[in-house]
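Enquirer: Here it is: the structure, laid out below.
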Amino acid sequence: MQNAAAFWDKISEKYAKTPISNEEAYQLTLNKTRGYLKQDDLVLEVGCGTGSTALLLAGNVRQIVASDYSDMMLDVGRRNAQAQNITNVKFVQADVCDAVLGEEPYDAVLAHNMLHLLEDIPAAIHAIHDRLKPGGFFISKTVCQFGAGAPLKWRLMKLILPLMQMIGKAPYVNFMTVQELEALITGGGFKIIESGNYPKTHISRYVVAQKL
């Protein structure tokens with residue numbers, strides 16, 4: 001956690017200024033996520049980064065606890081929340097297993113673009129399962145393995161990733177297949193109710209799973 005936090009702290013300001021790489025895909029899955037949330041829901045987002053998604057979803061729920069390893073990432077989110085006068089997003093530096101996230105069970109847990117950055121994905125999924133109410137939703141979006149048809153940017157990035165990691169310019173990344181990802185989710189006590197790439201050409205897999 002400390003190494004990951006240091007990496008994301010270092011790039012927090014640059015990350016905050018970087019535009020979304022695929023706005024169409026982002027808006028598609030953002031709207032799908034809204035469809036699973038209710039106005040009285042208590043929601044946890046893990047790996048929230050600068051909190052941009054949490055702030056956009058704040059009007060659809062009672063409260064969002066937006067958590068991340070990097071406190072400097074969270075500071076960007078806190079400033080943006082204040083500027084937008086959003087008061088129902090609570091930013092917390094935490095791992096999904098940390099007690100600071102509270103004991104009240106959540107109606108939904110979001111993990112957008114973060115599972116592939118974890119070295120122990122099963123542990124994280126089990127912790128998410130424990131934090132959800134029975135029937136609660138686990139909504140994730142995860143970069144998975146991609147082939148020759150993927151955008152050139154991603155193919156080049158994957159090619160140079162090992163070198164970037166060696167010099168501390170890139171984080172750990174686990175390129176799972178979709179089948180491996182979904183097996184980890186179902187093995188963690190969930191039933192998958194929606195899964196797909198939106199749009200179909202996008203490299204990230206959007207999965208909605210319900211706690212059994």
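The values are calculated or read from the model by the stated rules, or taken from the named source; none is laboratory data. Being a predicted model, the structure only gives us computed values, none of them experimental. Using ideal geometry, Cβ is built from the backbone for each residue, glycine included, and neighbour counts are taken over all protein chains shown. These area figures cover heavy atoms from the full protein model, side chains too; ligands, DNA and RNA do not enter into them. Shrake-Rupley method; radii C 1.70, N 1.55, O 1.52, S 1.80 Å.
Enquirer: Within 11 Å, Cβ to Cβ, of His202, how many net charges do the neighbouring residues add up to if Lys/Arg are +1 and Asp/Glu are -1?
Expert: +2
Enquirer: For the chain, what is the calculated [θ] at 222 nm in deg cm²/dmol (nearest 500), taking -39500 (n - 2.57) for each run of four or more DSSP H residues and dividing by its residue count?
Expert: Calculated mean residue ellipticity at 222 nm is -12000 deg cm²/dmol.
Enquirer: Leaving ligands and nucleic acids out of the surface, order His126, His112 by accessible area at 1.4 Å, largest first.
Expert: Greatest to least solvent exposure: His126, His112.
Enquirer: Please calculate the 1.4 Å probe accessible area of Asp9, with all protein chains present, and give it to the nearest 10 Å².
Expert: Its heavy atoms expose roughly 40 Å² to the probe.
Enquirer: May I pose another question? With a 1.4 Å probe and all protein chains left in place, how much of the accessible area of region 70-212 comes from carbon and sulfur atoms, in whole percent?
Expert: 56 percent
Enquirer: Write down the accessible area per residue of region 79-212 in Å², having rolled a 1.4 Å probe over the full set of protein chains.
Expert: Values: 7000 Å² over 134 residues.
Computed with neighbouring chains in place, this is 52 Å² per residue.
Enquirer: Give the long-range amide H neighbours of Leu132: residues separated by 5 or more places, or on another chain, with amide H under 5 Å away, using H modelled in the peptide plane at 1.01 Å from N.
Expert: Excluding prolines and chain starts, which carry no amide H, the hits are Tyr106.
Enquirer: Okay, next question. Expressed in nm to one decimal, what extension gain is obtained for the pair Ile20 and Thr201 from 0.36 nm per residue of sequence separation less their Cα-Cα distance?
Expert: Between Ile20 and Thr201, full extension yields 63.5 nm more.
Enquirer: Which is the longest run of the chain containing none of the chymotrypsin sites (Phe, Trp or Tyr not before Pro) found in DSSP loop states (not H, G, I, E, B) with at most 15 other C-beta atoms within 10 Å?
Expert: That gives 1-171 as the longest site-free run.
Enquirer: Here is a follow-up. Using the C-alpha gyration tensor of the chain, what are the square roots of 5 times its eigenvalues, in whole angstrom, with the largest one first?
Expert: One finds semi-axes of 24, 21, 17 Å for the chain.
Enquirer: For Ile167 and Lys153 in one chain, what is 0.36 nm times their gap in residues minus the Cα-Cα distance, to one decimal in nm?
Expert: Difference between extended and current length: 3.0 nm.
Enquirer: Taking H placed 1.01 Å from N in the peptide plane, check which residues at least 5 places from Phe91 or on another chain put their amide H under 5 Å from its amide H.
Expert: The list, which skips near neighbours in sequence, is Ala66.
Enquirer: Residues with beta-carbon under 15 Å from that of Phe91, excluding Phe91: net charge, scoring Lys, Arg +1 and Asp, Glu -1?
Expert: Once positives and negatives cancel, what remains is -4.
Enquirer: For Lys38 and Ala6, what is the calculated FRET efficiency with R₀ set at 41 Å and r taken between the beta-carbons, to the nearest 0.05?
Expert: 0.65
Enquirer: Then there is this: Tell me, which longest segment in the chain has none of the trypsin sites (Lys or Arg not before Pro) that fall in DSSP loops with at most 15 further Cβ atoms within 10 Å?
Expert: Longest site-free region, per DSSP loop and neighbour criteria: 63-168.
Enquirer: Shifting gears a bit: Pairs of alpha-carbon atoms within less than 8 angstrom and 6+ residues apart define the contacts here; what relative contact order does the chain have, in percent?
Expert: Working: 373 pairs, mean separation 41.3, N = 212.
After rounding, I find 19 percent.
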